[in-house]
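To keep things clear, I will list the structure first and then write my remarks on it.
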Amino acid sequence: MLDDVLKLAKEQDAVKVTEISVQVGELTFVTAEQLGYAFEFVSKNTIAEGAKLIVEIEQAEIKCNTCGFVGEAHYHGPEIHESSVAQRIFIDCPKCGSNLTELVRGSEFFLKSVKFEK
């Protein structure tokens with residue numbers, strides 16, 4: 001994330017990054033606190049040091065291949081910290097109970113916006 005932010009800052013001839021907004025799927029199992037701590041550490045001595053980090057956690061959404069339900073669902077299993085997390089998590093359909101579901105959202109990590117000083 002920091003590499004992308006610094007690249008954008010350079011393209012905009014920015015002298016300081018003041019705010020960064022990200023959207024994180026709940027199934028990344030990364031909390032806003034963890035991300036804030038990591039960002040504080042890796043941004044030291046860069047133009048992003050001290051920038052406000054806004055983290056929006058996005059609820060998981062599934063599609064049920066049995067009943068057709070599409071909507072928010074809750075995962076209650078163990079945390080999985082692998083890059084292929086979306087392929088390893090199965091969430092039962094809250095409508096019919098089937099485990100024949102597909103993850104629609106909830107495992108992503110998006111850089112939404114960056115504010116700079118020029």
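Here are some notes:
- Within the same chain, lysines fewer than 8 places from K63 are excluded, and of the rest, those with a Cα less than 26 Å from its Cα are K95, K112.
- Charged-residue dipole, Cβ positions (Lys, Arg, Asp, Glu), the chain about Cα centre, Debye nearest 20: 200
- Label point distance in nm, H74-E117, each placed 7 Å from Cα along Cα→Cβ: 4.4
- Value of relative contact order over the chain, rounded to a whole percent, pairs C-alpha under 8 Å and six or more apart: 39
- Other residues whose C-beta falls under 9 angstrom from the C-beta of L53 contribute a net charge of -1, scoring Lys and Arg +1 and Asp and Glu -1.
- Convex hull volume of the C-alpha atoms in region 2-117, normalised per residue: 107 Å³.
- Within straight-line reach of K118, meaning a Cα separation under 30 Å, sit the following lysines at least 8 residues removed in sequence or on another chain: K7, K10, K16, K44, K52.
- Rounded to 5, percent antiparallel among DSSP beta bridges of the chain: 70
Quick note: the coordinates plus some simple rules give every number you see, no bench work behind them. Keep in mind the model is a prediction, meaning the values are calculated, not measured. Reconstructed Cβ throughout: ideal geometry from the backbone, glycine too, with neighbour counts over all protein chains shown.
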